Amino acid sequence: MAAFPPADLKALVEGAGQAHLLARWEELDASQQASLERQLRSIDFPLVSRLTAEGRAKASDAAEVASKAGRAAPPAQVIRQPQTDADRAEWNAARQTGEELLQGGRVGAILVAGGQGSRLGFDKPKGMFPIGPVSDRTLFHIFCEQLLALGRKYGKPIPYFVMTSDATHADTVAFFEEHKFFGLDPKDVYFFQQGALPAVDDATGRVLLASRDQVSLSPDGHGGILKALKRSGLIDVMEHRGLEVLYYHQVDNPTAPMCDPAFLGFHKRLGSQMTTKVVAKESAEEKMGVLVSLDGRTQIIEYSDLPLERAQAVDAAGGLLLWAGNTAVHAFDRAFLARITSVENALPFHIAHKPVPYVDASGSRVEPRPDQKNAYKFEQFIFDVLPLTDVALVVEGDRKREFNPVKNATGKDSPETSRAALCRNAADLLREAGVAVRDGVKVEISPLFAMDPQEARTRRPGSAAIEQDTILGPA
Ligand code: UTP
């Protein structure tokens, strides 16, 4: 245990006006000192101080936010769900292109799983949440089985790039190992960790301590993926593996069809650099970011930046003008992604004003009330890549089937609604395959059993009706 911090660390921290971070150094044991030193050296203090100043000035942005929303129009380059035979032919052609990409081994998948999942209130990484309505399979299991099934169907593995954070890394890796990577070849699964940024006291600009030896750090947002891909070298691995398109998804939606061939096919055929899957918003009030065309670029406006009267604006047909809700499923052109990971801080930072617990100068823990906003937190968002593209595309998905995320513990977008959707999708698939499913029965299908009605028909020829809760699993 060292009585004094290393001189260069002291200079770094004092130079940034953050001397309080080392005030209790001599009370810490050697491993706590080492851990605090590691955390402090990882902080970009000039960036933090710039962002804090921006946080304080933020109130003056309100007029700009309203003006942007006023200028926003529906996305310019958009493929809607098919309605006519001509549309269906276009979707089939896109599906074929996507299938060719998969057969050529030119598709990889990215999962962002570094979030803290605070709304769900589950004490493990969200991917470990049991969501299978009958089997209790976890979200991670469901994603990996889809990739395994797709890899078998198209004859080429789909490398899986899983982003974690300090908050989720160790548990996530151990869970994959314990479950033998859910059947995937471990050589096809790459874990990489995103960075973290500190919470800062809004009045003093001081970086907050979560305990005597812990800075109050949180993951730097899903946009942190750009730095993390670069730092880990995985952006080069993607190239070496011959990948052309990266399917990107979040950890919370078990019904999003992974690497959906039609989605990937449209992306490829239109030469898009970043394609986003959207669904029609249910109501103007729904808390969902919208894809828009703004100042000649495709962009996302967060729901908190969309004034209600603008969200309520309707088009000539009476539907919502800004209808295209973001599902956070994207496809990236690999070469484009590599280019933007090379640009330092290509994405802006979003600054949130929040109640954040901390330890004060006397070493006591302070827990602000939920309405007591005392700190700024900083994050980058992946959708801010959109305005950096020259060609961006928006593709509409089938909302009921594809968008059933697990966000909240109860109510809308909760385990209950997501499990119900998994059952509904399975029953629909079976009924389309000619298998009767009694109403109210819970049924779950592994993609290793069947990914579509045709496969289900071959796996269960002339099959009997499903009368009780059932799991149709791998052969
Ligand atoms: P959310 O916006 O739902 O945030 O993340 P969250 O932290 O998971 O959940 P709440 O808001 O605390 O309840 C959307 C997706 O982005 C990932 C999450 O893991 C999820 O897949 N994410 C979010 C990251 O990978 N890193 C982050 O820093 C933030």
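The values are calculated or read from the model by the stated rules, or taken from the named source; none is laboratory data. Because the structure is a prediction, the values reported are computed rather than measured. Because the Cβ atoms are built from the backbone with ideal geometry, glycine has one as well, and the counts that use them run over all protein chains shown. Remember, those area values only see protein heavy atoms, side chains included, never the ligands or the DNA or RNA. Shrake-Rupley method; radii C 1.70, N 1.55, O 1.52, S 1.80 Å.
A few remarks follow.
- Taking the convex hull of Cα positions in region 388-475, its mean projected area over all directions (nm²): 8.3 nm²
- Computed over all pairs of different Cα atoms, the Kirkwood value for the hydrodynamic radius of region 410-459 is 11.4 Å.
- The Rg/Rh ratio for the chain, using Cα coordinates for both the radius of gyration and the Kirkwood hydrodynamic radius, is 0.99.
- Translational D in µm²/s for region 137-190 (Stokes-Einstein at 20 °C, 1.002 mPa s, Kirkwood Rh from C-alpha pairs): 186 µm²/s
- Each listed q (0.19, 0.20, 0.24 Å⁻¹) maps to a log10 I(q)/I(0) for region 329-427, found by the Debye formula over equal Cα scatterers with no solvent: -1.01, -1.03, -1.14.
- Per residue, the convex hull volume that the Cα atoms of region 186-290 enclose (Å³): 208 Å³
- Rounded percent of accessible protein surface that carbon and sulfur make up, region 35-106, 1.4 Å probe: 51 percent
- Pairs of lysine residues in region 341-475 that meet both criteria, 8 or more places apart or on different chains and Cα atoms under 27 Å apart, total 12.
- Nearest-ten-degree value, helix 415-432 long axis tilted from longest Cα axis of the chain: 20 degrees
- Residue-wise HN-Hα couplings along region 140-156, as the Karplus relation 6.51 cos²θ - 1.76 cosθ + 1.60 with θ = phi - 60° gives them from phi, are 4, 4, 4, 5, 5, 4, 5, 5, 4, 5, 5, x, 5, 4, 9, x, 9 Hz; Gly and Pro carry x.
- Stokes-Einstein D (µm²/s) once Rh is taken as the Kirkwood radius of region 326-368 over alpha-carbon pairs, at 20 °C in 1.002 mPa s: 145 µm²/s
- Kirkwood hydrodynamic radius computed over region 1-69 comes to 14.2 Å, based on all pairs of distinct alpha carbons.
- All C-alpha to C-alpha distances of region 232-335, sorted into 5 Å bins beginning at zero, yield P(r) values of 2, 11, 18, 19, 18, 14, 10, 4, 3, 1 percent in whole numbers.
- Sum of -39500 (n - 2.57) over DSSP H runs of 4+, divided by residues of the chain (222 nm, nearest 500): -9500 deg cm²/dmol
- In region 173-215, the portion of solvent-accessible area held by carbon and sulfur atoms comes to 50 percent [1.4 Å probe, whole percent, DNA, RNA and ligands not counted].
- Residues of type aspartates and glutamates that LYS180 reaches as a straight line, Cα spacing below 18 Å, ignoring anything fewer than 8 places off in the same chain: ASP136, GLU145, ASP171, ASP188
- Diffusion coefficient, µm² s⁻¹, Stokes-Einstein with Kirkwood Rh over alpha-carbon pairs of region 70-150 at 10 °C and 1.306 mPa s: 95 µm²/s
- Its residue count N sets the reference 2.2 N^0.38 Å, and the alpha-carbon radius of gyration of region 86-219 equals 1.37 times that reference.
- Rounded to the nearest 20 debye, dipole of the chain from Cβ charges on Lys, Arg, Asp, Glu: 520 debye
- Fraction of C-alpha pairs exceeding 27 angstrom in region 1-153: 66 percent, rounded to a whole number.
- Filtered trypsin sites (Lys or Arg not before Pro), region 200-287: DSSP coil and at most 16 other beta carbons within 10 Å: ARG212, ARG241, LYS287
- For region 49-100: span of alpha carbons on each principal axis (Å, largest first): 53, 27, 11
- Taking the protein heavy atoms of region 273-426 in the context of the full set of protein chains, the accessible area attributed to carbon and sulfur is 50 percent at 1.4 Å.
- For the chain: accessible area per residue (Å², 1.4 Å): 45 Å²
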